[in-house]
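Following: one structure in structure tokens, then a few remarks.
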Amino acid sequence: MPERRTVALVTLGCARNEVDSEELAGRLEADGWDLVEDAAEADVAVVNTCGFVEAAKKDSVDALLEANDLKGHSRTQAVVAVGCMAERYGKELAEALPEADGVLGFDDYADISDRLQTILNGGIHASHTPRDRRKLLPISPAERQESATEVALPGHAPVDLPDGLAPASGPRAPLRRRLDGAPVASVKLASGCDRRCSFCAIPSFRGSFISRRPSDVLNETRWLAEQGVKEIMLVSENNTSYGKDLGDIRLLESLLPELAEVDGLERVRVSYLQPAEMRPGLIDVLTSTPKIAPYFDLSFQHSAPGVLRAMRRFGDTDRFLELLDTIRSKAPQAGVRSNFIVGFPGESADDLAELERFLDGARLDAIGVFGYSDEEGTEAATYENKLAEDVVAERLARVSRLAEELVSQRAEERLGETVHVLVESVDEDGVYGRGAHQAPETDGQVLLTSGEGLSVGRMVEAKVVGTEGVDLVAEPLTGSLGCSEEAGR
């Protein structure tokens with residue numbers, strides 16, 4: 001009997017990439033590959049790259065080089081790049097990085113097993129020529145669903161699959177294989193983006209916005225719950241647009257309560273919300289539905305009107321603060337996070353002061369701050385009035401210091417609050433989890449003062465008794481073990 005082929009998936013970047021990796025894992029496992037965690041134990045190391053910003057690209061290249069170093073010293077025979085960076089640059093990446101034995105785009109995902117076998121056998125699969133994926137679907141959102149089957153959409157694999165293709169995990173198994181045993185998992189709600197922010201290249205390689213069918217989202221969530229997942233996080237480039245290509249821009253408001261009723265699930269979290277697209281009905285559902293986390297991952301990016309217009313975005317400090325007031329009037333403990341770009345072309349000292357005014361008043365739980373840098377192919381890269389690199393660096397340091405101080409203050413405001421903590425790790429370092437206001441990896445965590453009787457995946461009601469920067473320290477309340485009725489509240 002021939003030795004089984006082995007493959008390891010190394011994932012960089014966002015939660016959307018994690019979903020894509022698990023789809024690739026499902027395809028490979030269904031075709032007879034053995035999945036291993038350690039790249040040194042794999043015949044092929046597949047690196048799912050990120051192509052968002054320069055730092056992410058560097059991390060992706062470093063990961064490919066690190067995997068390449070294993071060749072000749074371990075089982076690893078080939079290193080293959082997939083993901084956003086591979087899709088965005090294709091042949092250019094292959095020529096610049098000969099250490100990668102293959103550079104595969106999204107169109108290769110359906111045939112990933114054959115592609116890897118060809119490369120493993122010493123063959124060459126021609127790297128793709130990048131193209132603007134926005135042109136692959138009709139301009140009109142209403143016409144896109146009919147064309148969806150003709151376009152590669154990572155993370156959109158059907159849930160009810162032909163015999164022999166789906167992993168053996170039950171009748172509703174999606175084309176997905178979990179790569180860890182964490183009690184939280186992401187679910188693709190949609191792909192692509194129709195917004196044209198002047199600093200962002202993502203739509204060019206992720207394509208136009210297209211929603212997944214509610215039935216696929218529901219069935220995948222049910223399957224994940226059967227695998228022991230307690231919290232799902234809905235991800236896409238823009239969740240507030242969900243349903244617009246299905247004829248109902250308010251479809252998310254009706255889908256969320258259905259997801260909350262899935263057996264075994266304790267919490268549903270929605271990420272990637274656009275402030276300009278927030279609507280009263282969505283706020284109501286996010287702040288009043290049991291098991292739906294009152295969590296708002298709002299993409300503000302800046303608050304000075306002139307900078308926002310240059311970014312091709314909308315809003316200002318006062319309107320953003322009004323939105324936050326509306327949210328907190330309905331759910332005072334709601335979690336809010338956002339990212340900001342400083343040093344954007346033309347940003348004045350007054351614009352920076354306006355951003356600081358917003359941050360001072362916003363009381364955000366988590367803040368990401370990035371210094372502007374040109375992204376090729378974007379409108380902003382052609383702008384004049386670029387700020388000097390040292391000015392951008394100084395502003396980045398200044399706003400980052402302010403952000404660190406403000407999120408610590410916001411954490412202190414939660415002293416005495418009752419939080420519902422999903423336990424994610426129990427070891428000699430302590431018992432850690434996350435409250436409803438904390439998304440995985442980005443928003444801090446909760447250290448529980450007692451771990452007696454606790455295990456990973458338990459939902460625990462606890463009182464906040466201390467803080468450590470953005471992190472909380474909380475004491476489990478008597479009789480709270482396994483609480484779920486108000487897990488999202």
**Asked** Is it the case that some residue within region 68-78 is among the hydrophobic types (A, V, I, L, M, F, W, C) and assigned to a helix (DSSP H, G or I)?
**Response** no
**Message:** For the condition at pLDDT 85 or above, surrounded by 20 or more Cβ atoms within 10 Å (Cβ to Cβ) and among the hydroxyl-bearing types (Ser, Thr, Tyr), what is the one hit in 140, 191?
**Reply:** 191
**Request:** Determine whether region 289-301 contains at least one residue that is open to solvent by less than 10 Å² (accessible area, probe 1.4 Å), farther than 30 Å from residue 458 by Cα and modelled with pLDDT of 95 or more.
**Result:** yes
**Request:** List every residue pair whose Cβ atoms lie under 7 Å apart, where the two residues are 6 or more positions apart in sequence or sit on different chains, the first residue falls within region 308-325 and is over 15 Å from residue 278 (Cα atoms) and touching a residue at least 24 places away in the same chain (Cβ under 8 Å), and the second residue, located anywhere, is open to solvent by 10 Å² or more (accessible area, probe 1.4 Å) and not in a helix (DSSP H, G or I).
**Result:** 310/345; 310/346; 311/197; 311/199; 311/301; 312/196; 312/197
**Request:** Taking the options 360, 325, 351, name whichever one is assigned to a helix (DSSP H, G or I), more than 29 Å from residue 89 (Cα to Cα) and in contact with a Gly (Cβ under 7 Å, 6 or more places away or on another chain).
**Result:** 351
**Fill in**
Scanning region 6-33 for residues that are part of a loop (DSSP other than H, G, I, E, B) and either open to solvent by 30 Å² or more (accessible area, probe 1.4 Å) or not aromatic (Phe, Trp, Tyr) (or both) gives 12, 13, 14, 31, 32
**Message:** Being at pLDDT 95 or above, of a type outside the set (Val, Ile, Thr) and either closer than 26 Å to residue 290 by Cβ or surrounded by fewer than 20 Cβ atoms within 10 Å (Cβ to Cβ) (or both) is the requirement here; does residue 486 meet it?
**Reply:** no
**Prompt:** Any residue at all in region 434-454 that is in a strand (DSSP E or B), among the small types (Gly, Ala, Ser) and either under 24 Å from the mean Cα position of the chain (by Cα) or closer than 16 Å to residue 333 by Cα (or both)?
**Reply:** no
**Fill in**
Scanning region 216-236 for residues that are in contact (Cβ under 8 Å) with a residue 60 or more places away in the chain and either closer than 18 Å to residue 288 by Cβ or assigned to a loop (DSSP other than H, G, I, E, B) (or both), the one least open to solvent (accessible area, probe 1.4 Å) turns out to be 236
**Leading residue by the ranking (farthest from residue 373 (Cα to Cα)) among those in region 175-210 that are among the small types (Gly, Ala, Ser) and more than 16 Å from the chain's Cα centre (by Cα)** = 181
**Message:** Exactly one condition in (1) free of Cβ contacts under 8 Å to residues at least 12 places away in the same chain; (2) closer than 19 Å to residue 233 by Cβ is false for residue 439; which is it?
**Reply:** (1)
**Prompt:** When region 436-448 is examined, which residues are found to be open to solvent by 20 Å² or more (accessible area, probe 1.4 Å) and at pLDDT 95 or above?
**Reply:** 445, 447
**Asked** Could you say whether any residue in region 418-435 is within 30 Å of residue 197 (Cβ to Cβ) and buried (at least 18 other Cβ atoms within 10 Å of the Cβ)?
**Response** yes
**Request:** Would you be able to say whether some residue in region 381-393 is within 28 Å of the chain's Cα centre (by Cα), among the hydroxyl-bearing types (Ser, Thr, Tyr), modelled with pLDDT of 95 or more and at negative phi?
**Result:** no
**Request:** Could you tell me whether residue 196 is open to solvent by 10 Å² or more (accessible area, probe 1.4 Å), more than 26 Å from residue 293 (Cα to Cα), touching a Gly at 6+ places or on another chain (Cβ under 8 Å) and at pLDDT 90 or above?
**Result:** no
**Asked** Residues in region 83-137 that are of a type in the set (D, E, K, R), open to solvent by 20 Å² or more (accessible area, probe 1.4 Å) and in contact (Cβ under 8 Å) with a residue 60 or more places away in the chain: how many?
**Response** 3
**Prompt:** How about region 143-176: which of its residues are open to solvent by 70 Å² or more (accessible area, probe 1.4 Å) and at pLDDT 90 or above?
**Reply:** 143
**Item:** Condition met for residue 321 (surrounded by fewer than 20 Cβ atoms within 10 Å (Cβ to Cβ) and modelled with pLDDT of 95 or more)
**Value:** yes
**Asked** Considering region 34-53 alone, what residues qualify as being over 20 Å from residue 89 (Cβ atoms), out of contact with any Asp or Glu (no Cβ under 8 Å at 6 or more places or on another chain) and either open to solvent by 30 Å² or more (accessible area, probe 1.4 Å) or among the aromatic types (Phe, Trp, Tyr) (or both)?
**Response** 34, 36, 37, 38, 41
**Fill in**
Selection from region 205-215 of residues part of a helix (DSSP H, G or I) and surrounded by fewer than 19 Cβ atoms within 10 Å (Cβ to Cβ) yields 215
**Prompt:** Among the residues of region 28-60, which ones are under 25 Å from the mean Cα position of the chain (by Cα) and either polar (S, T, N, Q) or within 20 Å of residue 108 (Cα to Cα) (or both)?
**Reply:** 28, 29, 35, 45, 46, 47, 48, 49, 50, 51, 60
**Prompt:** Somewhere in region 366-374, is a residue within 21 Å of residue 241 (Cα to Cα), under 26 Å from the mean Cα position of the chain (by Cα) and open to solvent by 10 Å² or more (accessible area, probe 1.4 Å)?
**Reply:** no
**Asked** Can we say residue 250 is open to solvent by 40 Å² or more (accessible area, probe 1.4 Å) and not aromatic (Phe, Trp, Tyr)?
**Response** yes
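The values are calculated or read from the model by the stated rules, or taken from the named source; none is laboratory data. Not measured: the values here are computed from a predicted model. Heads up, the Cβs are rebuilt from the backbone with ideal geometry, glycines too, and the neighbour counts pull from every protein chain shown. Surface areas here come from the heavy atoms of the whole protein model, side chains and all, with no ligands, DNA or RNA. Shrake-Rupley method; radii C 1.70, N 1.55, O 1.52, S 1.80 Å.
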